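S.K.: Pasting a structure below so you can have a look.
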Amino acid sequence: MSDSLKQADGISRRRFVHGMSAASVAAAAGLSGCVGGGGGGGGGGDASMSIPDDPDAVVDGASITLAIDEGHNTNPFKWFSDAIQEDTGVELGEINGFGFTNLFSKLMTEFTSNSGAFDLVSFYPQYLGTFAANGHLQPLDDMMGIDGWDPQFDDMLKPFRQMYTQWGGNTYALPIDGDVLMLVYRRDLFEQHDIEVPETWAEFNEVARYFTEETDDIEHGVATYGKRGFSYGWFLTRFGGLGGKYFDEEMNPQINTEAGRRALESWRETIQYAPDDTASYGYPELRDSFTGGNAAMVVQWTDVPKKAAASEATAGKWGGAPVPGWEDGRAASAMPVGRVLGVPSGSSDEQKLAAYRFAQTFTLPKFSTHMVSDPGCGEDPFRTSQLSNPEAFTQPNPLRDAPGESVAFNGMESAEQYTSAVEATLEQGYPVPYWPGSQDYINALDIEISRFVSGETGVEETLENVETEWESIVEDLGREQQQEYYSNVIDAWKNAGIWE
Amino acid sequence: MSVVEWTRHRLTGTTDEPVSLRGAFRTIGVTSFVSVMLVATLFPLYWTVNTSFKPAPETQTFPPTFTPETFTISPYIDVLTGAGSSVLVNSVVVSVGATVLAMVIGVPAGYAYARNPGKVGGKHLAFWILSLRMFPPIAPILPLFFMFRQVGMIDTYPTMMLLYLTFNVPLVVWLMRSFFQDIPQAVEEAAIMDGYSRLEAFFKVSLPLVSPGVVTTTLLVWIFSWNEFQFALVFTRNAAQTYPVIIPALVGGHATLWNQVAALSVMAMIPIIIISLLMQKRLVRGLTLGAVKG
Amino acid sequence: MASSTDDTQTHRSTGFSSYVRNEHLEYWFAIPALLILLALVIFPMVWSLWTSFTDLNLTIATSNGAFVGLENYETLLTSDRFWTSIRNTAYYVGLGVTIEFTLGFAIALFMANYTRGRVTTVLFTLLLLPMMMAPIVAGLIWRLLFQESFGPINYLLASLGVGQPAWLSSTAMSLNSVLIADVWQWTPFMILILYTGRLSISEDLYEAARIDGADRWFTFRHVTLPQMKGVVAIAILLRAMDAFKFFDKMFVMTGGGPGTSSELGTYYNYLLGFDSFSMGEATAMSWLLLLFAVVLANVFLSVLERGEGGDRVV
């Protein structure tokens, strides 16, 4: 039936298909032509913006959208937005939350498609280089110079000021969360069993073994992070103390070294004494293993003490200390995550001003001190004024209507112990790469570390895999360019006193 | 009828089998089978509903509670006053729009391939169109992302409706082809004899005759659009974000609000449940791409 | 059966509208769909093929996508992680479809033989629910169930005195747990197809077998199976093709972890494209995945076509 018409009709099947294929190839070739130059076509707006005469009037009544990782870190924005609106006239219209480990993917997808969805973005400083160098973020220096719009950088703790905010001579972000890993332990159990706070990793493992195997008071002596996303931080904490570095001057990876080996071997012993499912522990699981009374020690972010103080099982029983080190090295606290606020460069000038104004106000001690001292969120101290003011940690958060829940520590003693522990920890901070492309190194390291913790691979294999992958990443990204970035970053770190 | 006989009748449809050991085993067997099926299928759903009515701390207690100790609808309220209502609204708009668009484009094409495939590429093209459904979504997503960002069409309703055509149109074409093939051409020819043009015959005769098929296809297309995740993950931000995207965002991270996520899931499942209850027999044909007549 | 001729037209005269309505109706009916698919699928796939031969990377502002030939393919085919993801995918598709088929067949036959009327209807309705819900929701539900510290499954196992596996946090179990969720969601699909197929086998055949004194096993092998060959093939192929696209449940249940134990091809591909933004590699991988899918699809289509050449399959 149809066959007889096939040829009689003007369109035969073969010609039809041919026509379609030809059309598509032609179009695709044309498309690739215009797309070929569009590697950065989606992102990047106008970096130079004009500052109006009366910025306060311009932003009055503006409404901005925030992108941030979902969860308790959105809370301070909800607490303070009304007060900030009163002060500045800027309204926080919408908060978009994304998964903790998906933030880079989400933001980068947005930046490369530039749909203008977000006016203010919160991200982890490791992405700063990639975002800034690709023109996705608005330099803030001009806006910082506006009268009354100063974010008080002098008050920021030096490591964070250096690492979290600057790139290529411009300021791109304001810190709101200073992350560093510290040791949190059960002071009551330590006293009970006459144990001293471990100062080396060997001692650390010994204490872990003791609690796991020789006592019944607590299930495990230690728990550790293992989940994909940030497990690398726990490697760096051990690695850095042995003088481990990321690359040498020729950009050769320095992970597959004695330092890396010792770090992994020590960690493997720790894992032995940790709960069986420790390989899947992310932030909440690791924190809960301590605050739920299942582990006597954890190396974790500095917001755990305030969570521990709020938990029934550990209230009044926790202690904080710098992470252990090495006898023939030092202690090094890795600084993964952390949060900063940046302004996408693709927004309109008015939105950029409004977003910056909001961020700048948010980061002032007036608000941020209440934030870091409130266990209802995970933001950690990042200003000198916060750490030199332990009293704030014992007081309720006036900008929140659950004052009972917002007190971090019940006594000055705990508060002082906390702030001094954080201070000590910061002095031995070990920075995380943040130049353009470093996301690739971190991803590669993280996957291998996560596999190591889960027992998929051994020490040698892990180190070799990382080395091979980093080598190929350096090649892919351009060795010379990477060398340049790396040496600039090292200078900044030396300046901040966290790199030898 | 005794209780035993009644039960056996209900379960096995027989009344005249004498009460015997074999009959009893049969009844027990069927009863247990049905019960196991019921439990296996429904327990996960029941647990979700259970979780959705608990206050947050109770979702993490051990031992877990099988009915909420403190029954509360606050998870639903929290979700709806938070991101929940906007994503559900977006889902409705996108899924309905995508369905309408897919049907308008696909039904006529299905007719064309049913009646006269030779004119439009032949049967092979029809099969080839179907094969598009087999692509892993990531394959077209990568280049489509590139294309759409060039024209600035990210995170809008029309974007999503257009994108969903990629897997909906093949489905519609294929299913409607199968349904149209069921109608003998004689019916249309009769109409043409009566003076109708072919276009008129299509609208006035063929279409009404396949309306059950149209309904089935519409529902299936809607369900797939409602449930779609990968495209939405990449192409939406906040303006057009559909509910599947925020579900993984709420899980993991700092503290999972299991009760809220469960509440959102329950709300998203309600239309599905309604459709399933109404349409079961119809759906088989659609699900098997017309291979099984159902 | 020719299409319209002019002779019988009484209402319409010649002209463009007649042209549309009559001669080339199919053409106009099909063109929109074909154009859409051309624009949304063909163009993009051709572009994607081209990109797979470049080193385009969106995290580098100056990247223009220089031509690098087969380098991306080479990198992938020699990458451990790529093969792990393929292995995981093969394991998951193979084992998943097998379990779903076996379980589905058994249940379908049981239902065909032992349940009637209202019970069947109720069961059918029930069975549709898992299939119809969004895979991401199903994944979420099972993540809730598999929760090790406070989930119901481990609790029930504990009260039975049985060991409680680390469903989502052990490298050995993670893929299996995702598999279980998939079996729950898609076995009903198998049941429905196979049940319908079984029901369409004429009772006469079974009558004849019974008269001949055949036992159950014999009947199964020589009546049921041969008659259902087509349906079985369709069921398995349909399911395999869909399984291959698997993404949602794994995304929300394990994120590929712990380590890479549950990382499937589609997820690694997604990460390449939208976490590393290494478009060259990502498009190359998607073409490799497509190869697998095309092979599967061709088998499916030839089975279908064989069915359509004569009667329909069922």
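S.K.: Å³ per residue of the Cα convex hull, for region A:238-331?
M.R.: Residue-normalised Cα hull volume stands at 122 Å³.
S.K.: Let me ask you something else. Under 20 Å from the 7 Å Cα→Cβ point of residue C:159, by amide nitrogen: which residues of region B:33-60?
M.R.: Under 20 Å, as judged by backbone N against the label point of residue C:159, lie B:35-55, B:58-60 of region B:33-60.
S.K.: Over every pair of different alpha-carbon atoms in region A:338-380, take the mean of 1/r and invert it; report that Kirkwood radius in Å.
M.R.: 11.6 Å
S.K.: Could you provide, to the nearest whole Å², the per residue accessible area of region C:80-305 with probe 1.4 Å?
M.R.: 34 Å²
S.K.: Sticking with this structure for a sec: Quick one: if you stick a label point 7 Å off each Cα along the C-beta vector at residue B:124 and residue A:464, how many nm between them?
M.R.: 4.9 nm
S.K.: Quick check: at a probe of 1.4 Å, how many percent of the accessible area of region B:72-178 sits on carbon and sulfur atoms?
M.R.: After summing per-atom areas, the C and S share lands at 76 percent.
S.K.: Per the helix-only calculation at 222 nm, which mean residue ellipticity applies to chain A, given -39500 (n - 2.57) for every DSSP H run of n ≥ 4 and division by its residues, nearest 500 deg cm²/dmol?
M.R.: Details: 21 runs with 230 residues, N = 500.
After summing the helix terms and dividing by residue count, I get -14000 deg cm²/dmol.
S.K.: Related question: How much area per residue is accessible in region B:76-288 when the probe is 1.4 Å and only protein heavy atoms are counted (Å²)?
M.R.: About 28 Å² of surface per residue is accessible.
S.K.: At 7 Å along the Cα-to-beta-carbon direction for both residue A:144 and residue A:268, put a label point, then send me their distance in nm to one decimal.
M.R.: According to this spin-label approximation, the distance is 4.6 nm.
S.K.: Using Cα-Cα distances under 8 Å and only pairs 6 or more residues apart, what relative contact order does chain B have, in percent?
M.R.: Normalised by residue count, the contact order of chain B is 26 percent.
S.K.: Which value in deg cm²/dmol, rounded to the nearest 500, describes the helix-derived mean residue ellipticity at 222 nm for chain C, given -39,500 (n - 2.57) per DSSP H run of n ≥ 4 and division by the residue count?
M.R.: Result for chain C: -21000 deg cm²/dmol, rounded to the nearest 500.
S.K.: I need the calculated FRET efficiency for the pair residue A:424 and residue B:67, taking r as the beta carbon distance and R₀ as 41 Å, to the nearest 0.05.
M.R.: Here the calculated transfer efficiency is 0.25.
S.K.: Can you tell me, using C-alpha contacts under 8 Å and at least 6 residues apart, the relative contact order of chain A as a whole percent?
M.R.: Across chain A, relative contact order equals 22 percent.
S.K.: Under a plain spin-label model, where a point goes 7 Å from the Cα along Cα-to-Cβ, how far apart in nm are residue B:80 and residue B:187?
M.R.: Output for this residue pair reads 4.4 nm.
S.K.: Please identify the helices of chain B, taking whole runs of DSSP H, that span at least 15 Å along their own axis as judged from the Cα atoms and have a mean Kyte-Doolittle score of 0.5 or higher.
M.R.: Those that clear 15 Å and a mean of 0.5 are B:21-52, B:85-115, B:138-150, B:157-181, B:211-227, B:258-287.
S.K.: Using a 1.4 Å probe on protein heavy atoms, which residues of region A:50-79 have at least 40 Å² less accessible area in the complex than alone?
M.R.: Residues of region A:50-79 that lose at least 40 Å² of accessible area once the other chains are added: A:70.
S.K.: How much net charge surrounds residue A:451 when only the other residues with a Cβ under 11 Å from the Cβ of residue A:451 are counted, with Lys and Arg +1 and Asp and Glu -1? It would help to have the intermediate numbers written out before the result.
M.R.: Details: positive: A:228, C:81; negative: A:446, A:448, A:456, A:461, C:80, C:263.
Surrounding charge for residue A:451 is -4.
S.K.: What is the list of residues in region A:349-378 whose amide nitrogen lies under 13 Å from a point 7 angstrom out from the Cα of residue A:401, following Cα to Cβ?
M.R.: No residue qualifies, since no backbone N sits under 13 Å from the label point.
S.K.: Would you mind checking the pairs A:78/A:352; A:106/B:54; A:106/C:245 and listing those with alpha carbons more than 24 angstrom apart?
M.R.: Violating the 24 Å Cα-Cα cut-off are A:106/B:54.
S.K.: What three numbers, in Å, describe the spread of the alpha carbons of chain C along their principal axes, ordered from the longest?
M.R.: Principal extents (Cα only, largest first): 76, 73, 31 Å.
S.K.: With r defined as the distance between the Cβ atoms of residue A:250 and residue A:327 and R0 fixed at 30 Å, what FRET efficiency is calculated, to the nearest 0.05? Spell out each step's value before the answer.
M.R.: Values: r = 31 Å, r/R0 = 1.02.
According to the calculation, E is roughly 0.45.
S.K.: How much accessible area per residue does chain A have, in Å², with a 1.4 Å probe?
M.R.: 35 Å²
S.K.: May I ask for the Kirkwood hydrodynamic radius of region C:30-77, worked out over all distinct Cα pairs and given in angstroms to one decimal?
M.R.: Answer for region C:30-77: a Kirkwood hydrodynamic radius of 12.4 Å.
S.K.: Would you kindly calculate the mean projected area, averaged across all directions, of the convex hull enclosing the Cα atoms of chain A, in square nanometres?
M.R.: In nm², the orientation-averaged hull projection of chain A is 30.4.
S.K.: Let me ask something additional. Once Rh for region C:81-127 is found with the Kirkwood sum over Cα pairs, what is the Stokes-Einstein diffusion coefficient at 20 °C and 1.002 mPa s, in µm²/s?
M.R.: 168 µm²/s
S.K.: Summing +1 for each Lys or Arg and -1 for each Asp or Glu, what net charge is found among the other residues whose Cβ lies under 10 Å from the Cβ of residue C:149?
M.R.: Net charge around residue C:149: -4.
S.K.: What's the Kirkwood radius of the protein assembly as shown in Å, using all Cα pairs?
M.R.: Computed over the protein assembly as shown, the radius equals 31.8 Å.
S.K.: Using DSSP to define loop residues, name the trypsin sites (Lys or Arg not before Pro) in region B:88-188 whose beta-carbon has at most 11 other beta-carbon atoms within 10 Å.
M.R.: Taking region B:88-188 and a limit of 11 other Cβ atoms within 10 Å, no loop trypsin sites (Lys or Arg not before Pro) are found.
S.K.: When Lys and Arg each count +1 and Asp and Glu each count -1, what net charge do the other residues less than 14 Å away from residue A:382, Cβ to Cβ, add up to?
M.R.: Once all neighbours under 14 Å are counted, the net charge is -4.
The values are calculated or read from the model by the stated rules, or taken from the named source; none is laboratory data. Computed from a predicted structure; not experimentally measured. A quick note on method: Cβ atoms are made from the backbone with ideal geometry, for glycine too, and the neighbour counts reach across all protein chains shown. All accessible areas refer to the heavy atoms of the entire protein, side chains included, with ligands and DNA or RNA removed. Shrake-Rupley method; radii C 1.70, N 1.55, O 1.52, S 1.80 Å.
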